[in-house]
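Quick notes on the structure that follows.
The values are calculated or read from the model by the stated rules, or taken from the named source; none is laboratory data. Only a predicted model underlies this, so the values are computations on that prediction, with no experimental measurement involved. Note that each Cβ is placed from the backbone with ideal geometry, even for glycine, and that neighbours are counted across all protein chains shown. For the accessible areas, the whole protein counts, side chains as well, though only heavy atoms, and no ligand, DNA or RNA atoms are used. Shrake-Rupley method; radii C 1.70, N 1.55, O 1.52, S 1.80 Å.
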Amino acid sequence: MRYLARLMQPLESVSGRYGPYGGRYVAETLMPALDELSRAYEECQGDPAFQAELDSLLHHYAGRETPTCLASRLSAEVGMRIWLKREDLCHTGAHKVNNTIGQILLAKRMHKTRIIAETGAGQHGVATATACALMGLPCEVFMGAEDVRRQAPNVQRMELLGAKVHSVTSGSATLKDAMNEALRDWVTNVRTTHYCVGSVAGPHPYPMIVRDFQAVIGRESRVQMLEQAGKLPDAVVACVGGGSNAMGIFAGFIDDAAVRLIGVEAAGDGVATGKHAAPLCAGGVGVLHGAKSYVLQTADGQIVEAHSISAGLDYPGVGPEHAWLKDTGRATYTAVTDDAALDGFQQLCRTEGIIPALETSHAFAYLPTLAKELGPDADVLVCLSGRGDKDLETVIEQLAERG
Amino acid sequence: MGRIADAFENARSENRAALVIYLCAGDPDLNATVELVVAAAESGADIVELGVPFSDPTADGPAIQRAAQRSLRGGTTLAKVLETVRVIRSRTHIPILLFGYYNPILSYGEQKLVDDAAESGADGFLVVNLPPEESAGLRGPAVERGLDFVPLVAPTSDPHRIQQAGEMATSFIYYVSMTGVTGSTATDLASASKRAAALQRELGRPLAIGFGVKTKADVATVSPHADGVVVGSAVVQAIEVAASTDEAVLAVRALVSELAGGLARQ
């Protein structure tokens, strides 16, 4: 199976635009590096040797393809047929490794000698550190101090894998600030360093590159649904922070007009409280971290802090292609609260014997609502983007508070 | 010709570089900003870059990040910065370049900002994360209204991008001395200055060197070669450590006078 297909519209590679969204809003110092990255990526797409190496690593090292399975007991409880795309079974426990293996291969081609990354939940940091250890490149990861605290196991993993973790204390000390610091490092060390962006966010060509590397999720699961269900799903559901797992699975179904694409953002304490991480549902158009998209901001254009129980969704922006999918109506976006996510988490544990990441739990939390709309004959594919070991402490703490 | 181009012309006629001073609007508060701009103007600054604070200043080092945070905590908005420019204009004619990030501008509305900035007496825009490719929406209206749009050239810019900046510049080009964020320590200011001088000749536009210029000695290194020199973080730090607005004004007077002393060409 080819893991890297050319998905983008021909114009995207030139303009980096998804309708009015995307683009390159970065310091002049970084513009040549983005051009260099675009050229290198284009070369790799046309190079069978690169494709073969990527295919081989994803299969033999990362454990692809991942299964799609029918979640029978969850289906019975929720009231529709629910299929799980098991990205939690990827090496490192989440979909993030699909992208990092691709980008680190790309970085080696570009003769970069140092890798930096930002991370929220730590999954992308772990996946980057993993790919760097595999390919012998030094790795430094920027992580908000707040996330270092609530995702301690992933910090330990990154360090064991040989990465240096920088705890970022500026701003809200979460993912947004980690990305600010990574950009500051990159602008300083741009000649030697590749910035391995972890989501479908950032300046062009990152949203395109990350989407293409993650599109393997959608390609595999489309084939698997046809084999196992004998049909395409009625809807595909994924959680959306920056939006990489969602873009990856959506990519496989975007041309199938009858398949509904649904992204679930983090509503935190509730969208009405203002304490949430749902820019598509409740934000406005703005420019953050190099791209135009939906962001959480004040009336005078200051970015506001996001709030979510899930470190990986705790981000006030979202990938520009999601913004375009929202505006065009091809995908719809909704949001569920921290509380609902915890319910979704517990339900999957109890019914299927799978402990999902808190990020992923948001997708599950939306299923009961969707079941009421679609009815028992619907087939719904959910991207099970990551496993939840890293979240045990948070979950147990929160459940104890609930009493 | 606008006030900014005049300032470069004037400095050239005095056989020196133009001194550009960065101040973060609203740090410590907007009333203080008025006094600080006036103090800089009276102490030898030729141009003021007035920073519009942004929550996520990815091109700035810790000193300017902290200044922006203080300013935002005090309630500074782009609209209030423009009101402040209007007040400054009743006190001094020093050219004022609004300096910042794109999102507050996008949020305000580009055309509306150009109109309001022109009316307030501002002279132009420098937007750190708005490269030429994305700049038409602001640059077009600004140029039409007679306001300057200042492009940047970085050490990584290739000849095509340098040429593009030259074509877009209406008064001067901001030359980033090194790969890094504001307030970093410059590694080789002398080489950067000579490179800037070569680009000035090639492009036929003044270049001002910024990033890593902190002391009178740094200014003296740049001044023989480049048409302008920008000092930001050092000024912001002097304001940060001052105990009161009066003290900050005195500190800025002293620092700017000292920096201006480095402008003389041998």
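From the list B:52, B:20, exactly one residue is under 30 Å from residue A:181 (Cβ atoms), modelled with pLDDT of 95 or more, open to solvent by 10 Å² or more (accessible area, probe 1.4 Å) and not hydroxyl-bearing (Ser, Thr, Tyr). Which is it?
None of the other options fit; the residue is B:52.
Mind listing just one residue for me: the one in segment B:157-171 that is of a type in the set (D, E, K, R) and open to solvent by 20 Å² or more (accessible area, probe 1.4 Å) and, of those, farthest from residue B:122 (Cα to Cα)?
B:158
Just wondering, is there one or more residues in segment B:134-142 that are at pLDDT 95 or above, at positive phi, not aromatic (Phe, Trp, Tyr) and not in a helix (DSSP H, G or I)?
No, segment B:134-142 contains no residue that is at pLDDT 95 or above, at positive phi, not aromatic (Phe, Trp, Tyr) and not in a helix (DSSP H, G or I).
Which one is farthest from the other protein chains (Cβ to nearest Cβ), of the residues in segment A:283-300 that are open to solvent by 10 Å² or more (accessible area, probe 1.4 Å) and among the hydroxyl-bearing types (Ser, Thr, Tyr)?
The qualifying residue farthest from the other protein chains (Cβ to nearest Cβ) is A:294.
May I ask you to list the residues in segment B:231-266 that are closer than 16 Å to residue B:29 by Cβ and hydroxyl-bearing (Ser, Thr, Tyr)?
Scanning segment B:231-266 gives B:244, B:245.
Could you tell me whether residue B:44 is touching a Lys or Arg at 6+ places or on another chain (Cβ under 8 Å), part of a loop (DSSP other than H, G, I, E, B), small (Gly, Ala, Ser) and touching a residue at least 40 places away in the same chain (Cβ under 8 Å)?
No.
I'm trying to understand the selection: among the residues of segment A:312-334, which are open to solvent by 10 Å² or more (accessible area, probe 1.4 Å), of a type in the set (Gly, Ala, Ser) and not in a helix (DSSP H, G or I)?
A:329
Which residues, taken from segment A:179-196, are of a type in the set (Phe, Trp, Tyr) and at the interface with chain B (Cβ under 10 Å from one of its Cβ atoms)?
Across segment A:179-196, the qualifying residue is only A:186.
Table: residues versus (1) in contact with a helix residue (DSSP H, G or I) (Cβ under 8 Å, 6 or more places away or on another chain); (2) facing another protein chain (nearest Cβ under 9 Å); (3) at pLDDT below 95.
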| site | (1), (2), (3) |
| --- | --- |
| B:71 | no, no, no |
| B:84 | yes, no, no |
| B:90 | no, no, no |
| B:101 | no, yes, no |
| B:126 | no, no, no |
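Which one is surrounded by the fewest Cβ atoms within 10 Å (Cβ to Cβ) among residues in segment A:179-213 that are out of contact with any Lys or Arg (no Cβ under 6 Å at 6 or more places or on another chain), over 15 Å from residue A:38 (Cβ atoms) and among the hydroxyl-bearing types (Ser, Thr, Tyr)?
A:188
Under 8 Å between Cβ atoms, which residue pairs at least 6 apart in sequence (or on different chains) link something in segment B:141-156 that is under 25 Å from residue A:32 (Cβ atoms) and open to solvent by 20 Å² or more (accessible area, probe 1.4 Å) with a partner that is at pLDDT below 95 and of a type in the set (Ser, Thr, Tyr)?
From segment B:141-156, the pairs are B:155/B:177; B:155/B:179; B:156/B:179.
What are the residues in segment A:164-183 that are assigned to a loop (DSSP other than H, G, I, E, B) and of a type in the set (A, V, I, L, M), if any?
Of everything in segment A:164-183, just one residue is assigned to a loop (DSSP other than H, G, I, E, B) and of a type in the set (A, V, I, L, M), namely A:173.
Could you grab me the full set of residues in segment B:208-262 that are polar (S, T, N, Q), assigned to a helix (DSSP H, G or I) and either open to solvent by 60 Å² or more (accessible area, probe 1.4 Å) or more than 21 Å from residue B:152 (Cα to Cα) (or both)?
B:237, B:245, B:257
Could you name every one of the helices (runs of 4 or more DSSP H) located completely within segment A:193-265 that has at least 2 residues being polar (S, T, N, Q) and more than 21 Å from residue A:310 (Cβ to Cβ)?
Those helices (runs of 4 or more DSSP H) span A:216-228.
I want to confirm something. Restricting to segment B:105-132 and keeping residues that are aliphatic (A, V, I, L, M), part of a loop (DSSP other than H, G, I, E, B) and touching a residue at least 40 places away in the same chain (Cβ under 8 Å), which single residue is farthest from residue B:161 (Cα to Cα)?
B:122
From A:104, A:115, which residue is away from chain B (no Cβ under 14 Å) and either in a helix (DSSP H, G or I) or farther than 24 Å from residue A:53 by Cα (or both)?
None of the others qualify; the one that does is A:104.
For residue A:400, work out the one condition from (1) buried (at least 18 other Cβ atoms within 10 Å of the Cβ); (2) more than 22 Å from the chain's Cα centre (by Cα) it doesn't fulfil.
All conditions are met except number (1).
If we scan segment B:172-184, do we find a residue that is open to solvent by less than 30 Å² (accessible area, probe 1.4 Å), free of Cβ contacts under 8 Å to residues at least 40 places away in the same chain, within 14 Å of chain A (Cβ to nearest Cβ) and in a helix (DSSP H, G or I)?
no
Do we find a residue being over 17 Å from residue A:332 (Cα atoms), more than 17 Å from the chain's Cα centre (by Cα) and surrounded by fewer than 24 Cβ atoms within 10 Å (Cβ to Cβ) anywhere in segment A:231-248?
Looking for residues that are over 17 Å from residue A:332 (Cα atoms), more than 17 Å from the chain's Cα centre (by Cα) and surrounded by fewer than 24 Cβ atoms within 10 Å (Cβ to Cβ), one finds at least one in segment A:231-248, hence yes.
Which residues, taken from segment A:18-37, are touching a residue at least 40 places away in the same chain (Cβ under 8 Å) and surrounded by fewer than 18 Cβ atoms within 10 Å (Cβ to Cβ)?
Across segment A:18-37, the qualifying residues are A:19, A:20, A:36.
Of A:303, A:309, which residue is out of contact with any Gly (no Cβ under 6 Å at 6 or more places or on another chain), open to solvent by 10 Å² or more (accessible area, probe 1.4 Å) and within 14 Å of chain B (Cβ to nearest Cβ)?
A:303
Can you give me the number of residues within segment A:80-104 that are open to solvent by 10 Å² or more (accessible area, probe 1.4 Å) and over 15 Å from residue A:385 (Cα atoms)?
The total comes to 1.
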